[in-house]
Amino acid sequence: MNFSFTQEQDMLRKTVRTFVDQEIMPNIRQWDISGHFDLGVLRKLAGLGLMGVCIPEAYGGSGMDYNALAIVCEELERGDTAFRTAVSVHTGLNCMTLLQWASEEQKKRYLIPQARGEKVGAFGLTEPGAGSDVAAIQTTAAKDGNEYVLNGQKTWISLCDAADHFLVFAYTDKTKKHQGISAFIVERTYPGFSSKAQKGKLGIRAGNTGELFFEDVRIPADNLIGQEGDGFKIAMSALDNGRFTVAAGACGQIMACLEASVDYCRERKTFGVEIGRHQLVQQMIAHMEAGLQMSRLLVYRAGELKNEGKRNTRETSLAKWQACDFANKAADDAVQIHGAYGYSDEYPVERYLRNSKAPVIYEGTREIHTIMQAEYVLGYRTDKPLNRLLPAWKP
Ligand SMILES: Cc1cc2nc3c(=O)[nH]c(=O)nc-3n(C[C@H](O)[C@H](O)[C@H](O)COP(=O)(O)OP(=O)(O)OC[C@H]3O[C@@H](n4cnc5c(N)ncnc54)[C@H](O)[C@@H]3O)c2cc1C
């Protein structure tokens, strides 16, 4: 067991922190207020090699380990959840899934441009009638010669207007229930495809989320990822990676809450002393610190398992559940510490509170992860060996 970061990982953290301080912090309040998603930030991240940080160099990435991805996500969410969400979806749910499941030819066509950040990937699983219950999706893909014809609708899809490629899940055989779901890459330019952003979100307002529509979209049969019927397994293994990035991001959210709260505790006085001197305020600070340190241990343990090429569904689920809950509580307490000023967008903590809610909902709700953890402990759930694991990290 090794609890220290490498020199390369320390350098990476410094690079992302400087990037966030220079490119995100000065603009984020305005972007959040106006609901502007800045694609330029993703382009600049690509320039730094951060859109495919853990993808091998042979496939267009930076060749760093999986915990390097956690560092990127942690530092990005210290700036804002929108950009961490973008990396979660692009790198965690797309690039890593292609690395695990795509053929060599598909990796050349889709993974390499994604890992380089030349193309942006999105993940289309959720539908109006299917979120936690993935098998309830209605989208279908009917085989027609050398093509599949896709019909259906997705909702709450991050990067809906920004992405070039969409990893989409659809039934190829409804009679087989979840074993009849297949995964496809859909390109934005395919006729019959359209997207529409959602307005009126509680948080992640500087992000881009919305609907995808497929009306007789013809997809080359070569765009089927894995085999017909592998879609459910592909979606679940994608979530093992996406959840890891969400958990890491939650650590960054707690860091941001701590930074803002410590500053405010030292500056605001009541009853003749800094509010940081009041024990009930200290209790909130102490809980934030405990949440940060516990979450980090869970996240980097899951990352280590990924580095070793081991199955980590259970550990990643626990990290995602706990880190997101800690972050949500930290943001609530950060607003509390700021009193009425926390209720105003003059300070960033109200944005943290709004942003911290979606991660408790997406990539498995709090309730789904609670059930998963209980079922593992009770012996009702065991992970069957996957025929394709994420490759172990090779320096
Ligand atoms: C900002 C944002 C971005 C998103 N981005 C994406 C994306 O890029 N791609 C994508 O595919 N999806 C995305 N989603 C969708 C997200 O993954 C779903 O919202 C999530 O899976 C929950 O599904 P649902 O909203 O349909 O809730 P439901 O599944 O309808 O659940 C409603 C409530 O019932 C509870 N519940 C459900 N089943 C059970 C059960 N068995 N036991 C106990 N309680 C249960 C849930 O925990 C929840 O509290 C995004 C969502 C948000 C908010």
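The values are calculated or read from the model by the stated rules, or taken from the named source; none is laboratory data. These numbers come from a predicted model, not from an experiment. Glycine gets a Cβ as well: all are built from the backbone with ideal geometry, and neighbour counts include every protein chain shown. Remember, those area values only see protein heavy atoms, side chains included, never the ligands or the DNA or RNA. Shrake-Rupley method; radii C 1.70, N 1.55, O 1.52, S 1.80 Å.
At-a-glance table
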quantity: Selected residue (criterion: nearest to E8 (Cα to Cα)) from residues of the range 378-395 that are open to solvent by 80 Å² or more (accessible area, probe 1.4 Å) and at pLDDT 90 or above; calculated: W393
quantity: Residue match in the range 61-80 (condition: β-branched (V, I, T) and either in contact with an Asp or Glu (Cβ under 8 Å, 6 or more places away or on another chain) or within 16 Å of the ligand (Cβ to nearest atom) (or both)); calculated: no
quantity: Total residues in the range 185-214, condition away from the ligand (no atom under 13 Å from the Cβ) and either part of a strand (DSSP E or B) or within 20 Å of the chain's Cα centre (by Cα) (or both); calculated: 8
quantity: Residue in the range 140-153 that is closer than 23 Å to R205 by Cα and touching a strand residue (DSSP E or B) at 6+ places or on another chain (Cβ under 7 Å) present; calculated: yes
quantity: Every residue from the range 126-139 that is among the aliphatic types (A, V, I, L, M) and near the ligand (Cβ under 8 Å from one of its atoms); calculated: A130
quantity: Scan of the range 263-297 for residues that are among the aromatic types (F, W, Y) and assigned to a helix (DSSP H, G or I), ordered by number; calculated: Y264
quantity: Count of residues meeting criterion [farther than 13 Å from D230 by Cβ and among the aromatic types (F, W, Y)] in the range 160-170; calculated: 1
quantity: Those residues of the range 102-125 which are of a type in the set (G, A, S), open to solvent by less than 20 Å² (accessible area, probe 1.4 Å) and more than 16 Å from the ligand (Cβ to nearest atom), in sequence order; calculated: A102, A115, G117
quantity: Out of V217, V246, sole residue that is in contact with a strand residue (DSSP E or B) (Cβ under 7 Å, 6 or more places away or on another chain) and either within 20 Å of W156 (Cβ to Cβ) or in a helix (DSSP H, G or I) (or both); calculated: V217
quantity: Residues (open to solvent by 30 Å² or more (accessible area, probe 1.4 Å), within 15 Å of the ligand (Cβ to nearest atom) and of a type in the set (D, E)) located in the range 339-377; calculated: E367, E375
quantity: So Y171, is it open to solvent by less than 50 Å² (accessible area, probe 1.4 Å), within 16 Å of the ligand (Cβ to nearest atom) and of a type in the set (S, T, Y); calculated: yes
quantity: Near pairs, Cβ below 6 angstrom, 6+ apart or cross-chain, from the range 177-190 (open to solvent by 10 Å² or more (accessible area, probe 1.4 Å)) to any residue that is in a helix (DSSP H, G or I); calculated: K177/A135; H178/A135; H178/F232
quantity: Among residues of the range 315-338, those that are among the small types (G, A, S), more than 16 Å from the ligand (Cβ to nearest atom) and either within 17 Å of the chain's Cα centre (by Cα) or open to solvent by 50 Å² or more (accessible area, probe 1.4 Å) (or both), counted; calculated: 2
quantity: So A142, is it within 16 Å of the ligand (Cβ to nearest atom), outside the structural domain of Q106 (by TED's automatic domain parsing) and of a type in the set (A, V, I, L, M); calculated: no
quantity: Among (1) part of a helix (DSSP H, G or I); (2) not assigned by TED's automatic domain parsing to the domain that holds C257, the one test that D383 misses; calculated: (1)
quantity: Residue ID - least open to solvent (accessible area, probe 1.4 Å), chosen from residues in the range 9-24 that are charged (D, E, K, R) and in contact (Cβ under 8 Å) with a residue 60 or more places away in the chain; calculated: R13
quantity: Residues of the range 132-184 classified as in a strand (DSSP E or B), of a type in the set (A, V, I, L, M) and over 30 Å from L42 (Cα atoms), total; calculated: 4
quantity: Any hit, the range 273-296, residues being open to solvent by 40 Å² or more (accessible area, probe 1.4 Å), under 20 Å from M25 (Cβ atoms) and modelled with pLDDT of 95 or more; calculated: no
quantity: Matching residues, the range 165-186, being out of contact with any helix residue (DSSP H, G or I) (no Cβ under 8 Å at 6 or more places or on another chain) and not hydroxyl-bearing (S, T, Y); calculated: F166, V168, K176
quantity: In the range 38-87, the residues that are more than 14 Å from L99 (Cβ to Cβ) and of a type in the set (F, W, Y); calculated: F83
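Matching residues to (1) among the acidic types (D, E); (2) assigned to a loop (DSSP other than H, G, I, E, B); (3) surrounded by 15 or more Cβ atoms within 10 Å (Cβ to Cβ):
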| residue | (1), (2), (3) |
| --- | --- |
| F37 | no, yes, yes |
| G40 | no, no, no |
| R43 | no, no, no |
| M51 | no, yes, yes |
| M64 | no, yes, yes |
| A68 | no, no, yes |
